[in-house]
Amino acid sequence: MKIGMDKIGFFTPPTYVDMVELAKVRDVDPNKYLIGIGQEKMSIASNNYDAVAMAANAAQAILTEEDKEQIDMILFATESGVDQSKSGATWVHDLVGIQPFVRSVELKQACYSATAGLQLAMGHIALHPESKVLLLASDIAKYGLNTGGEPTQGAGAVAILLSAEPRILEIEKESATYTEDIDDFWRPNYSELAFVDGKYSNEAYLNTLKASWGRYKDQQHANLSDFEALVFHVPYTKMGRKALQALEDEMTEEVTERFNTYYESAIRYNKTVGNIYTGSLYLSLLSLLEQADELPSDARIGLFSYGSGAVGEFFIGKVQAGYKDYLQTTAHEAQLNNRHKLSIEEYEDLLTHPVEVDEAGNASFTASEVISKEDFIFMAVREHRRQYGKMNEYAGQGE
Ligand code: COA
């Protein structure tokens, strides 16, 4: 039985920062951001778009009424969780209207946890072939103003519907996973912003890639030429280039050229969205599937997932014949092209004004002017309870 991705949805907030403008204000050569880091734009979430709202929007774009009846597991991968106890999956379950007999849970291991979710879903569907699993990967990457990580921020969510007989990508059951306790990137409970040892995190990423791929290669007697393309976790698009370079001595010239060509398609979305942590690998996969010419059916794509701390996994997706018919390419391109550019002052104002809850447990904030009335948004906090809904429900909730 084939198990894998039947649908893939994507959402990013409707506001972004232009990297050239940011570079100028930070007195940095724009080519450092454009070429050295490899980012052109970076999505910025206003207070209305937290990890839950973004995930609900990514999910609503792909689910039919029939899917909502068949989903029996919701896995919410994030490192931007909004509650220490309750999972983001429970809110999304309610917002998009999924039937009640569902297992809902949140998963955490930095940028890796969506891949853990994918593997849990695979096992679940193998036991219950009629099931559908909704996998959500939603994050806001926030390092703060004037930090080394500032040009590698971003915000967005990917929603994947997993099932038997998938129409987009079959996931093979063999994979190689690697864990090592290190401090390359972390966010203690008391901090809004992530701590990062940037150079060390790059090194750790590449070491984990070599360890995971090495293990897969030895166990499966595999060779990089077995794959049509490679897709990586992309915290910023230069990182994937470093990953390709790190494997280059195992590739022929022809394979190097093929992987590099596909890589350009695989980073088109990431270049203009920025880092979305758990969703970054899957955004890059989506970008490859939507932006490259149709891949041959049964082509095998090697995927590398990395989450600081650190866990990595190398696994394989097999392209299904006619997959392009099940993607939402036009809608995704429109979403990215129709965003509103923030001035650097507006961006700095957003980053320095998080939602503040008063002593009674209430918070109100003004809705951003560019919210679509179709979007789920975070509207207010009432007696410590977060309120979500659409714009037409905003009256009486916000200011
Ligand atoms: N034109 C072209 N390239 C330029 C340039 C210019 N004018 N100026 C600098 N560069 C290049 C550098 O040569 C370097 O390239 P390299 O990585 O291939 O060596 C790159 O731009 C980055 O410059 P660097 O001085 O190393 O940047 P930095 O000290 O600001 O740190 C990160 C970059 C990515 C480490 C930092 O943004 C960060 O900590 N990000 C968050 C952590 C992260 O995403 N880690 C990834 C693993 S999970």
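Matching residues to (1) within 14 Å of the ligand (Cβ to nearest atom); (2) touching a Pro at 6+ places or on another chain (Cβ under 8 Å); (3) hydroxyl-bearing (Ser, Thr, Tyr):
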position	(1), (2), (3)
Asp218	no, no, no
Ala222	no, no, no
Glu228	no, yes, no
Val231	no, no, no
Pro235	yes, no, no
Arg241	yes, no, no
Gln245	yes, no, no
Asp249	no, no, no
Thr256	no, no, yes
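Of the residues making up region 157-171, at least one is part of a loop (DSSP other than H, G, I, E, B), on the phi > 0 side of the Ramachandran plot and surrounded by fewer than 20 Cβ atoms within 10 Å (Cβ to Cβ). If you check Thr330, Thr278 for being open to solvent by less than 30 Å² (accessible area, probe 1.4 Å), at negative phi and not aromatic (Phe, Trp, Tyr), only one passes: Thr278. Restricting region 344-357 to residues that are without any contact (Cβ under 8 Å) to a residue 24 or more places away in the chain and out of contact with any strand residue (DSSP E or B) (no Cβ under 9 Å at 6 or more places or on another chain) leaves a set whose member that is most open to solvent (accessible area, probe 1.4 Å) is Glu345. Based on what the data block shows, is Gln109 out of contact with any Lys or Arg (no Cβ under 9 Å at 6 or more places or on another chain), in contact (Cβ under 8 Å) with a residue 60 or more places away in the chain and open to solvent by 10 Å² or more (accessible area, probe 1.4 Å)? Here the answer is yes, as Gln109 does meet what is asked. In the set Gly309, Gly302, only one residue is within 20 Å of Lys217 (Cα to Cα) and out of contact with any helix residue (DSSP H, G or I) (no Cβ under 7 Å at 6 or more places or on another chain); that residue is Gly302.
Under the condition of being touching a strand residue (DSSP E or B) at 6+ places or on another chain (Cβ under 7 Å), exposed (fewer than 12 other Cβ atoms within 10 Å of the Cβ) and among the hydrophobic types (A, V, I, L, M, F, W, C), the residues counted in region 358-377 number 0.
Annotation: of all residues in region 172-183 being within 15 Å of the ligand (Cβ to nearest atom) and outside any strand (DSSP E or B), the one that is surrounded by the most Cβ atoms within 10 Å (Cβ to Cβ) is Ile182. If we scan region 70-86, do we find a residue that is under 30 Å from Glu174 (Cβ atoms), of a type in the set (D, E, K, R) and modelled with pLDDT of 95 or more? Scanning region 70-86, I find at least one residue that is under 30 Å from Glu174 (Cβ atoms), of a type in the set (D, E, K, R) and modelled with pLDDT of 95 or more, so the answer is yes.
On the given criteria, is Asp18 among the acidic types (Asp, Glu), on the phi < 0 side of the Ramachandran plot and more than 16 Å from the ligand (Cβ to nearest atom)? Taking the combined requirement at face value, the residue satisfies it.
Candidates are the residues of region 21-55 that are in a loop (DSSP other than H, G, I, E, B) and either outside the structural domain of Ser80 (by TED's automatic domain parsing) or charged (D, E, K, R) (or both); the one that is farthest from the ligand (Cβ to nearest atom) is Asp50. Which count do you get for residues in region 120-140 that are within 16 Å of the chain's Cα centre (by Cα) and either under 21 Å from Gln99 (Cα atoms) or open to solvent by 10 Å² or more (accessible area, probe 1.4 Å) (or both)? Of the residues in region 120-140, 5 are within 16 Å of the chain's Cα centre (by Cα) and either under 21 Å from Gln99 (Cα atoms) or open to solvent by 10 Å² or more (accessible area, probe 1.4 Å) (or both).
Picking from residues in region 184-196 that are charged (D, E, K, R) and touching a strand residue (DSSP E or B) at 6+ places or on another chain (Cβ under 8 Å), the one that is surrounded by the fewest Cβ atoms within 10 Å (Cβ to Cβ) is Arg187.
Any residue at all in region 290-310 that's surrounded by 24 or more Cβ atoms within 10 Å (Cβ to Cβ), out of contact with any Lys or Arg (no Cβ under 7 Å at 6 or more places or on another chain) and over 29 Å from Ile182 (Cα atoms)? No, region 290-310 contains no residue that is surrounded by 24 or more Cβ atoms within 10 Å (Cβ to Cβ), out of contact with any Lys or Arg (no Cβ under 7 Å at 6 or more places or on another chain) and over 29 Å from Ile182 (Cα atoms).
Only residues that are in contact (Cβ under 8 Å) with a residue 24 or more places away in the chain and away from the ligand (no atom under 16 Å from the Cβ) were counted in region 116-148, giving 20. Would you confirm whether or not region 80-100 contains a residue that is farther than 30 Å from Gly361 by Cβ and touching a residue at least 40 places away in the same chain (Cβ under 8 Å)? So far as region 80-100 goes, no, none of its residues is farther than 30 Å from Gly361 by Cβ and touching a residue at least 40 places away in the same chain (Cβ under 8 Å).
Pairs meeting the criteria (first residue in region 200-217 and farther than 14 Å from Thr115 by Cβ and without any contact (Cβ under 8 Å) to a residue 40 or more places away in the chain, second residue within 11 Å of the ligand (Cβ to nearest atom) and among the charged types (D, E, K, R), beta carbons under 9 Å, at least 6 apart or on different chains) are Tyr200/Asp184; Glu203/Asp184.
The values are calculated or read from the model by the stated rules, or taken from the named source; none is laboratory data. On a predicted model such as this, the values are computed, not experimentally measured, just so you know. Neighbour counts are summed over all protein chains in view; Cβ atoms, including those assigned to glycine, are modelled from backbone coordinates with ideal geometry. Surface accessibility is based on the protein's heavy atoms, side chains included, excluding ligands, DNA and RNA. Shrake-Rupley method; radii C 1.70, N 1.55, O 1.52, S 1.80 Å.
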